[in-house]
Ligand code: SAH
């Protein structure tokens with residue numbers, strides 16, 4: 001039988017200076033990756049990523065890296081969240097659809113910038129946990145729903161902006177059809193497990209304009225509702 005080990009000393013809460021320093025480093029990392037939009041930087045400063053990573057990786061929440069969350073999914077790298085939000089060119093009156101709630105972090109950031117955010121995930125558990133955080137943070141303009149986000153939300157459409165945070169082989173047609181004329185969709189496109197391309201689609205009076213932004217890597221967009 002092994003000896004009982006002494007309990008770990010309790011971690012002390014970071015001091016005000018440590019918190020300020022951590023925030024400064026976090027924002028510096030975003031700027032150095034090309035995030036220039038002050039509204040986006042302000043939203044990223046306001047929403048504490050640490051609240052959205054509630055597992056053994058919590059201590060790394062302020063580093064610029066993706067981290068595992070429940071249901072085998074990931075919370076995206078903060079610089080990618082910021083660059084995708086910037087690419088979406090939001091304005092305060094927009095209604096936005098996010099596909100892939102995950103931890104809820106991206107939706108929380110968006111909620112600081114637009115009128116209303118609808119966010120959909122195929123895992124009910126992720127939706128439930130994200131809703132709890134939105135409530136705790138007092139973010140009343142987010143509606144989180146469980147469902148297959150590739151189908152969009154026909155009852156709430158059309159949207160000013162659509163952000164897809166899981167990779168599709170092509171921009172999903174139903175989502176394109178739920179974009180307003182003049183609207184913008186940002187979506188990672190490509191096979192899973194390879195490098196994908198982040199694409200920005202603008203809906204024109206007739207047709208769509210596609211622009212390739214950067215290589216990215218996301219979990220795949222999967223059809224249908226998950227069992228959890
Ligand atoms: N935006 C998230 C990270 C998304 S990870 C954040 O800020 O934390 C990708 C998410 O897409 C996963 O949670 C996965 O469950 C979800 N997803 C994959 N396919 C989906 C689909 N068809 N409909 C809705 N959500 C989907």
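Filter the stretch 212-228 down to residues that are more than 16 Å from the ligand (Cβ to nearest atom) and exposed (fewer than 13 other Cβ atoms within 10 Å of the Cβ) and give me whichever is modelled with the lowest pLDDT.
215
With the structure loaded, tell me whether residue 191 is part of a loop (DSSP other than H, G, I, E, B), within 16 Å of the ligand (Cβ to nearest atom) and closer than 18 Å to residue 127 by Cβ or whether it fails that test.
Answer is no for this residue.
Among the residues of the stretch 56-71, which ones are touching a strand residue (DSSP E or B) at 6+ places or on another chain (Cβ under 7 Å), part of a loop (DSSP other than H, G, I, E, B) and farther than 17 Å from residue 22 by Cα?
Listed by number, the residues that qualify are 66, 69.
Going through the stretch 104-140 one residue at a time, which ones are surrounded by 16 or more Cβ atoms within 10 Å (Cβ to Cβ), in a loop (DSSP other than H, G, I, E, B) and in contact with a helix residue (DSSP H, G or I) (Cβ under 9 Å, 6 or more places away or on another chain)?
104, 112, 113, 122, 123, 139, listed by residue number.
Please tell me if residue 143 is farther than 23 Å from residue 61 by Cα, part of a strand (DSSP E or B), out of contact with any helix residue (DSSP H, G or I) (no Cβ under 8 Å at 6 or more places or on another chain) and away from the ligand (no atom under 12 Å from the Cβ).
So residue 143 fits the description; yes.
Answer with yes or no whether residue 41 is in a loop (DSSP other than H, G, I, E, B) and touching a residue at least 24 places away in the same chain (Cβ under 8 Å).
No: the conditions fail for residue 41.
Which one is surrounded by the fewest Cβ atoms within 10 Å (Cβ to Cβ), of the residues in the stretch 146-163 that are in contact with a helix residue (DSSP H, G or I) (Cβ under 7 Å, 6 or more places away or on another chain) and closer than 24 Å to residue 228 by Cβ?
151
Scan (1) over 20 Å from residue 114 (Cβ atoms); (2) crowded, with 17+ Cβ neighbours inside 10 Å for the single condition residue 179 breaks and write down its number.
The failed condition is (1).
The values are calculated or read from the model by the stated rules, or taken from the named source; none is laboratory data. This structure is a prediction, so every number in the text was calculated from the model and none was measured. Here Cβ is always computed from backbone atoms with ideal geometry, including for glycine, and neighbour counts include all displayed protein chains.
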